[in-house]
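The values are calculated or read from the model by the stated rules, or taken from the named source; none is laboratory data. Just so it is clear, the structure is predicted and the values come from calculations on it, not from any experiment. So basically every Cβ, Gly included, is an ideal-geometry build from the backbone, and we count neighbours across all protein chains shown.
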Amino acid sequence: MTAVIDRRIAVLPSRPLADRRPPLTRLVGLEIRKSLCTRSGIALAGAAAVLPAGAVALMMALNDTPPNAATMLALLGTLVSMLLIAVGVLSTAGEWTHRTVQTTFLAVPRRGRVLAAKYVGAALLGAAISAVVVGSTFAVAAIGADFSWTGAGAAAVATVAAGAALTVVGAGIGAAIGNAPAALTGTYLVLLVGMTVLNGAKPTWGKHVDPLAAMFDLVEGDATARPIAVLAGWLVVSTIAGIAVTRRREIS
């Protein structure tokens with residue numbers, strides 16, 4: 001019997017449990033499912049995907065449509081981005097708020113790998129929701145909107161890319177703060193109040209800092225590097241902050 005047990009032990013994997021890493025694709029899929037399995041996540045994703053089409057219908061009913069498709073998508077896409085940021089925040093901060101992060105890091109102890117999966121999942125989810133926004137908005141507008149469709153293709157691509165980036169920004173902010181209500185409140189205060197004050201007092205500074213204004217300009221057709229640099233700056237700073245804080249935060 002002892003010899004049989006020894007032989008069985010000999011064939012067991014020698015690698016420690018912590019080194020047995022599940023594929024990143026599996027982790028990304030899991031994180032996307034996490035974001036869509038809660039009522040708040042479903043509500044935010046659904047609202048982001050459906051509300052713009054309703055707004056277009058209302059604009060047409062009031063004969064108040066923008067002059068072209070790019071401007072319309074820039075306006076609605078920027079409004080939806082506020083919901084996408086919330087989706088990203090909840091994907092990371094929500095785990096700390098509801099203490100499910102304990103289970104997550106017990107299953108995958110490498111925190112950097114978990115955050116990478118969360119960031120990629122947030123980007124894919126944000127891109128998917130933004131693509132639905134583009135499709136539904138253009139579908140409703142095609143029924144009766146009377147404006148120019150010049151630049152609509154480029155605006156659609158920019159909307160999807162910016163939506164993905166801002167969802168990841170939200171995930172980085174949520175990971176850094178670790179509390180969903182605080183992260184959402186602080187983010188909206190900065191973007192809706194702080195940036196409004198800055199744009200009013202120092203418009204030039206605002207153009208180089210405000211991510212929502214950068215998204216609007218990018219979707220509307222701004223061919224300069226400024227809006228891309230602003231979004232990239234928010235993306236880099238938020239994700240690095242999220243990783244740095246998460247690696248040092250105690251799980252209680």
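Does the stretch 169-183 contain at least one residue that is more than 28 Å from Leu115 (Cα to Cα), in a helix (DSSP H, G or I) and either in contact with a helix residue (DSSP H, G or I) (Cβ under 6 Å, 6 or more places away or on another chain) or of a type outside the set (Ser, Thr, Tyr) (or both)? So that I can check it myself, show each step before the final result.
Initial filter on the stretch 169-183 (more than 28 Å from Leu115 (Cα to Cα)): none.
Within the stretch 169-183, not a single residue is more than 28 Å from Leu115 (Cα to Cα), in a helix (DSSP H, G or I) and either in contact with a helix residue (DSSP H, G or I) (Cβ under 6 Å, 6 or more places away or on another chain) or of a type outside the set (Ser, Thr, Tyr) (or both).
Looking at the stretch 46-69, I want the residues that are in contact (Cβ under 8 Å) with a residue 24 or more places away in the chain and have a partner that is of a type in the set (S, T, N, Q) and in a helix (DSSP H, G or I) with Cβ atoms under 8 Å, at least 6 apart or on another chain. Which pairs are those?
So the pair list comes out as Ala49/Ser136; Val50/Ser136; Pro52/Ser136; Pro52/Thr137; Ala53/Ser136; Ala53/Thr137; Val56/Thr137.
List, please: which pairs have Cβ atoms under 7 Å, are six or more places apart or on different chains, and start with a residue in the stretch 189-205 that is closer than 20 Å to Ile173 by Cβ and end with one that is among the small types (Gly, Ala, Ser)?
Listed pairs, sorted by first residue: Met195/Gly206; Leu198/Gly206.
Determine whether Asn179 is within 19 Å of Ser81 (Cβ to Cβ) and not basic (Lys, Arg). Spell out how you get there, then give the answer.
On the way: within 19 Å of Ser81 (Cβ to Cβ): no; not basic (Lys, Arg): yes.
Judged against the criteria, Asn179 is not a match.
Which residue, of Leu212, Leu189, is over 17 Å from the mean Cα position of the chain (by Cα), in a helix (DSSP H, G or I) and closer than 16 Å to Ile85 by Cβ? Break it down into steps so the answer makes sense when it comes.
Working: Leu212 fails: over 17 Å from the mean Cα position of the chain (by Cα).
Exactly one of Leu212, Leu189 is over 17 Å from the mean Cα position of the chain (by Cα), in a helix (DSSP H, G or I) and closer than 16 Å to Ile85 by Cβ, namely Leu189.
Which of the following residues is more than 17 Å from Thr246 (Cβ to Cβ) and either of a type in the set (Asp, Glu) or touching a strand residue (DSSP E or B) at 6+ places or on another chain (Cβ under 9 Å) (or both): Ala48, Ala152, Ala53? Reasoning before the result, please.
Values: Ala48 fails: either of a type in the set (Asp, Glu) or touching a strand residue (DSSP E or B) at 6+ places or on another chain (Cβ under 9 Å) (or both); Ala53 fails: either of a type in the set (Asp, Glu) or touching a strand residue (DSSP E or B) at 6+ places or on another chain (Cβ under 9 Å) (or both).
Residue meeting the stated conditions: Ala152.
Out of (1) farther than 30 Å from Asp64 by Cβ; (2) surrounded by fewer than 21 Cβ atoms within 10 Å (Cβ to Cβ); (3) among the β-branched types (Val, Ile, Thr), what's the single condition that is false for Val157?
(1)
Tell me, yes or no, whether the stretch 224-236 has at least one residue that is within 26 Å of Val108 (Cβ to Cβ), at pLDDT 95 or above and surrounded by fewer than 21 Cβ atoms within 10 Å (Cβ to Cβ).
Our first condition is that a residue be within 26 Å of Val108 (Cβ to Cβ); within the stretch 224-236, this holds for 235-236.
Imposing the further condition that a residue be at pLDDT 95 or above reduces the set to 235-236.
Of the ones still in play, those that are also surrounded by fewer than 21 Cβ atoms within 10 Å (Cβ to Cβ) are 235-236.
Yes, the stretch 224-236 has at least one match.
Of the numbered conditions (1) over 17 Å from the mean Cα position of the chain (by Cα); (2) at pLDDT below 95, Asn179 fails exactly one; give the number of that condition.
In the conditions (1) over 17 Å from the mean Cα position of the chain (by Cα); (2) at pLDDT below 95, Asn179 misses (1) alone.
For the condition hydrophobic (A, V, I, L, M, F, W, C), part of a helix (DSSP H, G or I) and within 21 Å of the chain's Cα centre (by Cα), what is the one hit in Val230, Val197?
Details: Val197 fails: within 21 Å of the chain's Cα centre (by Cα).
On inspection, the qualifying residue turns out to be Val230.
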